[in-house]
Every structure is written in structure tokens, then in C-alpha cells.
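In what follows, a single structure is set out as C-alpha cells and then discussed.
The values are calculated or read from the model by the stated rules, or taken from the named source; none is laboratory data. On a predicted model such as this, the values are computed, not experimentally measured, just so you know. Because the Cβ atoms are built from the backbone with ideal geometry, glycine has one as well, and the counts that use them run over all protein chains shown.
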Ligand SMILES: C[S@@+](CC[C@H](N)C(=O)[O-])C[C@H]1O[C@@H](n2cnc3c(N)ncnc32)[C@H](O)[C@@H]1O
């Protein structure tokens, strides 16, 4: 018999799997295969119910997500959980919203596993910037409107001001995608305007993108905060700022269906 502390014991492997932004049809073939054959899944809050429904009913499911005002597992508790499960010899599917390596702490988990001698793999997923923008009719780049795109986080740490380089973000030829940016939207908009981005720059907030619950608010940099507030948008919401947002009505294929 072997135990978790026995050096001869078989270690499990952890596969960090990106679940995409919500629509199960946006799973990669590899993600769908791994989810459909999983025996043990540790999943985050952002993984949609439609995707969780693809897990075999007899597989064990552990929720590791965080929700505003409600405590589940801290990042270090999640790391320890993955390590404990792998050391007990079980293979784990670690299911994360979007792409594990884009604002998903997947790299922190992978580093922790690597440093503790646990084998891991990573399956990329469609990140919100790509999936949610596309389902909102917004191309991230478009000839004549945007020559590039930047992804930043608007997440506020314990009430501290956002630590972003506003002077480099106020570029009218670059699309700005803000993850976790709803709470700090008022401050972000003011800082971007102060950095020189025109107040009438088109801007969008998209809640629950790619799902049947998707809602879009299309406004300008100056009006987006008030409009999003009036619409009572909640996380997960993606903010997209830039001239490409001006195409969103003509390219609105998803809501128009
Ligand atoms: C912790 S980050 C995780 C990002 C994820 N790893 C990815 O690649 O999309 C969570 C943020 O992603 C954005 N997000 C993720 N899924 C979304 C969705 N379906 N609709 C709108 N925003 C989404 C929101 O800004 C949300 O606050």
C-alpha cells in the first residue's frame, strides 16, 4: 500500500483547462474532451453552468471560486488543494474561465505545481477579450480604426487606486480592453480623458458575454459609467474602449439573431 507521503506513490497530474467566456460551443476540442472524461474537476466561479453540465455526473466537482462578499478559497488554499489532490494520486481537471493565462492566475497555479514537482498541462481557452468582443460585434483591430489592442485589469486592490500607466493607455489608435473594470470604471474613464483620450471615444460594457444572458451598453468614454450604472450591469462585465466600438451596431450579429 502507498500513501501520499510515500516517495514511491504515484502522483496525479493537473490539467489547467480554459473554458472560454461562457458559450459551450466556444470550448476547444481538447477542453471538451477533457471535461467530458474528467473524474475530478476543480472549477472557478466564471465557468458557466452550461459548461459544468458537460462534466460526467459521477465525477467529483469542487468549487474554488471567489465571489464579492463571500469567501470560498483563497489563491493559496486553491494551490494547496491542487497539490494535495495530485499528491493523493488523482488527476485533476482545473477548469478556469476564459484562458488560464490571461488574468486567470493559471500561471501562479502552474508555477506552484512545478515548484512542488507536480506534472501539469495547460489548455488555452478563448479569452473574454476575443470572445466577448466578437459576440458584441466589436473587432479588436480594424484597418483605419485600431492598429493594436491592449488588455489591462481594472481590479482594485483593497481600495487602493489603480496602478496603471495612464499616459500610455490614452492612445486613440489602440483598443483598450479592461478586465474586471466595472467597479473602477468611473476612475478609469476620468484618468483616460485626463491622459488625452477624447471624451467622445466610443466605449462598451458587455455583461455575461457569449451567453443567452449577454447585455451590451454602448456609449462613449464620458458617458459609459453613467449608462452602465443605470443599466445595473454586474460582473462579469468586459469594458472595451476605442474607435472599433463604433462598428458594434452594424456588426451586432449575436443580439440580432
Ligand atoms: C478574473 S478575470 C478572468 C479572465 C479570464 N481568464 C479570461 O481569459 O477571459 C474575470 C473578468 O473577465 C471578464 N469576463 C470573463 N468572462 C466574461 C463574460 N462572459 N462576459 C463579460 N466579461 C467577462 C470580466 O471583466 C471579468 O471581470
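A few notes on this one:
- Test: residue in segment 76-96 that is outside any strand (DSSP E or B), within 13 Å of the ligand (Cβ to nearest atom) and touching a residue at least 60 places away in the same chain (Cβ under 8 Å): no
- Any hit, segment 131-142, residues being within 16 Å of the ligand (Cβ to nearest atom), under 30 Å from residue 85 (Cβ atoms) and modelled with pLDDT under 95: no
- Screening 181, 242, 148, 159 for residues that are under 21 Å from residue 46 (Cβ atoms) and either modelled with pLDDT under 95 or in contact with a strand residue (DSSP E or B) (Cβ under 6 Å, 6 or more places away or on another chain) (or both) leaves exactly one candidate, 181.
- Looking across 123, 132, one residue alone is crowded, with 21+ Cβ neighbours inside 10 Å and within 17 Å of residue 246 (Cα to Cα). It is 132.
- Residue within segment 44-65 that is surrounded by fewer than 14 Cβ atoms within 10 Å (Cβ to Cβ), away from the ligand (no atom under 12 Å from the Cβ) and touching a residue at least 40 places away in the same chain (Cβ under 8 Å) present: no
- Residue match in segment 103-111 (condition: crowded, with 17+ Cβ neighbours inside 10 Å, in a helix (DSSP H, G or I), in contact (Cβ under 8 Å) with a residue 40 or more places away in the chain and touching a helix residue (DSSP H, G or I) at 6+ places or on another chain (Cβ under 9 Å)): yes
- Looking only at segment 204-230, residues that are under 24 Å from the mean Cα position of the chain (by Cα), more than 14 Å from the ligand (Cβ to nearest atom) and outside any helix (DSSP H, G or I) come to 4 in all.
- Where residue 101 falls short, out of the listed (1) under 23 Å from residue 30 (Cβ atoms); (2) more than 12 Å from the ligand (Cβ to nearest atom): (2)
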